[in-house]
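S.K.: Take this structure, written in structure tokens, and hold onto it; I'll ask about it next.
The values are calculated or read from the model by the stated rules, or taken from the named source; none is laboratory data. Everything numeric here is computed off the predicted structure, so don't read it as measured data. Ideal geometry is used to build each Cβ from the backbone, glycine not excepted, and the neighbour counts take in all protein chains shown. What goes into the accessible areas is simple: the full protein's heavy atoms, side chains included, and nothing from ligands, DNA or RNA. Shrake-Rupley method; radii C 1.70, N 1.55, O 1.52, S 1.80 Å.
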Amino acid sequence: MTSDSAVVLEIREAHKSYGTRAALNGAAFSLRKGEWLALLGPNGAGKTTLVRTIAGRLQLDRGEIALHGQTLSPQDQAARRQLGIVPQELALYPNLTARENLDIFGRFHGVGGQELKDKINWALDWIALADRANERIKGFSGGMKRRLNIAAAVLHQPSVIMLDEPTVGVDPQSRERIWQMLNQLRAEGASLVLTTHQLDEAQTICDRIVIIDGGRTIAAGTLEELITQTIGPQRGVFCKVRDAQGAVEEEHHAVDDLSEALPSLLSTLKTQNKQLLDLRIQAPTLQAVFLHLTGKELRE
Amino acid sequence: MIATLLKLNWLNLKRDPVALALSFIMPLVFFTIFAAIFGGGGDGDGGMNPIRVLVVAEKNDAFAQKFVDTLAKQPSLTLTRFEDLEKVPEVEPDTAAGAQVRAGHFDAALILPTPLDQSVGNFGQGGPGAVLIYDAANPVARFALSGLVQANVMQAAPDIMLNRGMGMFAEQGAPLTPQQQGLVDEARDFLNSDDGEGGGAAGTELLPLEERDARAEGEGDEAAPKSIVAYYAAGIGIMFLLFSMTAAGGSLLEEEESGTLDRLLSSQLSIHQLMLGKWLFFSISGTLQLTVMFVYGALVFSVPLFTVKTMSAFVLMTVVAAMGAAAFGMFLATISKSRAQLSGISTVVILIMSAVGGSMVPRFVMPPAMATAGKFTFNGWAIDGYLKIFWRADPNHSLGQALLHIAPEMGVIGLMAVLLLALAMQTAKRRQAA
């Protein structure tokens, strides 16, 4: 993916209100071909409303959604054929087998015949459930259901996939497997939008980050761009020291260039007769950027 | 700990209006319904539906006319003279009266012999007896009318009864001769015997009554069914059909709660397709449910299902009833916000409709207002339709006439199905993009 790749999904000035409360207040972002975009925001920021709007489940009061350059109207599901929506809920039928669930959702997405059979077999291998394909899924683990939940949304080979908290409540092994699966889709050319509260994962996996709050986009860019725009690129140096009187404390220093700052910092400690017990260096994180932008107050 | 549990349960109860209604209001509603059915709403006369009786009596028989006039004063009877029928049948009055009872237009018919005065007070020794044609579905009407007719003899003919007594005295004189003693002994033995019931024991009655089942009248090639099991198959079947269709309609709410509905509607599926698909499936499963009920009734309780006419009418009625019940269940589901709410609402609505509509107590034992209220329920119309098929069918009807016979019930239920489905589809739209 490059910065001049074609825009596949674009949200322009999205407004949506419930009574007097504005859930979306001008939110906007664009997704490029092959890009992996993190859509972040505190609780109540408007993420779910935005995803539901893109999925055609909500109607915007004002604004536009364009998929591959075509403006989407709310109930035009045919135009959304290129979209794959992975809901946060395990939206599957527990009394059906894994294969039956895939068959049902594949058909509702317009896939049928031999193509569907091939896609189901592919999906079962992809989510590592081929050996459990004919078991009812109500006995599956959370991780297995999560993987199936994703597979049910991509059988029709959408070019844009929206994932709402796809790894919530699963163990590290399953999470790792899910990221591998999604990377495979991206490698095949799909573009992905991920909403998550797992900021460390978003930071590691995504190409770009969009942060919304109060229903509008408050920041967008790569992690480096966001860091530069907000908290700056300084590293945090945390020194745990014991002074001459035996008291232990942690000192925090913000530095631009570690190679220049560290020798002088250590020299200063020696001069002050402080014993260095531990040294920790922290690069700017998405979490710090996020808290800087959205504040530390609880959102309920 | 116990106090905390009490508090917890009370808080949950008082914040659940449906549970509160089920706990405190529903029992009162049901108490009121059944009190109105069996207690007549406290108006003192029991409030029972008057028994509708068709009377066949010779117009020129003055005593018969007096007898009918006296009988008509009974508040628990509503008499209609045969000649006053809107459309007097051209067949023999006896046959026509049986057909009228069988069709449910009257609860019973009374055919008086001519001359009537020769038949009363002779303890079976005089003229021919009267005929009481009853609907076995309504045993109350049969026994009440039988008793009232006997009581009416004393009221209508005290002179005849006195003359008969004096005549007997004059004939026999006193003291009792051996012959008289023999007669007395004979009468005493007879009265003390157990052989005193049904039309065969006419001798114990002031007016001998031959009681006939209307369904045994004019039977063609169909065997007369032996019970009214079909009524209960319809009553119970329809009530449970409504419950199961409502539970099935709840799948929509289940899918909404699990997020599956969102997923379905994010695919190429529209809410209208979803609703129509569900309705179609529920209609099919409802049809099978009722079919199983009646086939079981036919095999175990001899419900007369397996004739071409009955089966044809049954299939049509069952399909329409299932379509209506499915639409009803889906409508309730779409106006409910959760499965818990649906469960509460459906319990209240279905139980009330079943009580008023005749699923629990036959409507002919209800007071008139209550019986009329039953016409505003799904159960009432469906049960009426099945009654027409299994109980009130005219054996002389052709297949076309038999189907036309149930057309009003099918029409009303079909209309209910269309309206409820349209309302359900409209209400479900809010689950589409908002």
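S.K.: Would you call A:A254 more than 30 Å from A:H197 (Cα to Cα) and among the small types (G, A, S)?
M.R.: no
S.K.: Quick one: how many residues across segment A:270-290 are crowded, with 16+ Cβ neighbours inside 10 Å and modelled with pLDDT of 90 or more?
M.R.: Residues that pass the stated criteria total 1.
S.K.: I'm trying to understand the selection: among the residues of segment B:313-324, which are open to solvent by 10 Å² or more (accessible area, probe 1.4 Å) and either free of Cβ contacts under 8 Å to residues at least 12 places away in the same chain or in contact with a helix residue (DSSP H, G or I) (Cβ under 6 Å, 6 or more places away or on another chain) (or both)?
M.R.: B:V315, B:V319, B:V320, B:M323, listed by residue number.
S.K.: State whether the residues of segment B:264-278 include one that is modelled with pLDDT of 90 or more, at the interface with chain A (Cβ under 7 Å from one of its Cβ atoms), more than 22 Å from A:A79 (Cβ to Cβ) and over 30 Å from the mean Cα position of the chain (by Cα).
M.R.: There is no residue in segment B:264-278 that is modelled with pLDDT of 90 or more, at the interface with chain A (Cβ under 7 Å from one of its Cβ atoms), more than 22 Å from A:A79 (Cβ to Cβ) and over 30 Å from the mean Cα position of the chain (by Cα).
S.K.: I want to confirm something. Restricting to segment A:90-100 and keeping residues that are within 10 Å of chain B (Cβ to nearest Cβ), surrounded by 15 or more Cβ atoms within 10 Å (Cβ to Cβ) and not small (G, A, S), which single residue is farthest from A:D164 (Cα to Cα)?
M.R.: The residue in question is A:Y93.
S.K.: What number of residues within segment B:299-311 are touching a helix residue (DSSP H, G or I) at 6+ places or on another chain (Cβ under 9 Å) and either in a loop (DSSP other than H, G, I, E, B) or closer than 20 Å to B:A407 by Cα (or both)?
M.R.: Count: 8.
S.K.: From B:A355, B:A424, B:A428, B:A382, which residue is buried (at least 18 other Cβ atoms within 10 Å of the Cβ), within 14 Å of another protein chain (Cβ to nearest Cβ) and small (G, A, S)?
M.R.: Sole residue among the options that is buried (at least 18 other Cβ atoms within 10 Å of the Cβ), within 14 Å of another protein chain (Cβ to nearest Cβ) and small (G, A, S): B:A428.
S.K.: Step by step: first the residues of segment B:239-298, then only those that are open to solvent by 10 Å² or more (accessible area, probe 1.4 Å) and outside any helix (DSSP H, G or I), then the one that is nearest to B:R430 (Cα to Cα). Which residue is that?
M.R.: Selected residue: B:S270.
S.K.: What is the residue count in segment B:81-110 for residues that are under 20 Å from B:G147 (Cβ atoms) and among the β-branched types (V, I, T)?
M.R.: Count: 1.
S.K.: To continue, here is another question. I'd like the full set of residues that are within 9 Å of chain B (Cβ to nearest Cβ), surrounded by fewer than 18 Cβ atoms within 10 Å (Cβ to Cβ) and within 24 Å of A:E165 (Cα to Cα), limited to segment A:59-87.
M.R.: Selection gives A:Q59, A:P74, A:R81.
S.K.: If a residue counts only when it is within 20 Å of the chain's Cα centre (by Cα) and under 30 Å from A:Q173 (Cα atoms), which helices (runs of 4 or more DSSP H) contained entirely in segment A:45-158 have at least 1 such residues?
M.R.: Ranges flagged: A:47-54, A:142-154.
S.K.: Would it be correct to say that B:S302 is in contact (Cβ under 8 Å) with a residue 24 or more places away in the chain, more than 27 Å from B:S343 (Cα to Cα) and not acidic (D, E)?
M.R.: yes
S.K.: Could you go through segment B:230-238 and let me know if any residue there is surrounded by 22 or more Cβ atoms within 10 Å (Cβ to Cβ), within 14 Å of chain A (Cβ to nearest Cβ) and farther than 14 Å from B:A333 by Cα.
M.R.: Checking segment B:230-238: not a single residue is surrounded by 22 or more Cβ atoms within 10 Å (Cβ to Cβ), within 14 Å of chain A (Cβ to nearest Cβ) and farther than 14 Å from B:A333 by Cα.
S.K.: Now a separate question. Is it true that A:G56 is within 14 Å of chain B (Cβ to nearest Cβ), surrounded by 22 or more Cβ atoms within 10 Å (Cβ to Cβ) and free of Cβ contacts under 8 Å to residues at least 60 places away in the same chain?
M.R.: Considered against the rule, which asks whether it is within 14 Å of chain B (Cβ to nearest Cβ), surrounded by 22 or more Cβ atoms within 10 Å (Cβ to Cβ) and free of Cβ contacts under 8 Å to residues at least 60 places away in the same chain, A:G56 comes out as yes.
S.K.: If you don't mind, there's one more thing I want to ask. Which members of segment A:102-134 meet the condition of being open to solvent by 10 Å² or more (accessible area, probe 1.4 Å), touching a Ser or Thr at 6+ places or on another chain (Cβ under 7 Å) and either of a type in the set (D, E, K, R) or away from chain B (no Cβ under 14 Å) (or both)?
M.R.: Matches in segment A:102-134: A:N134 only.
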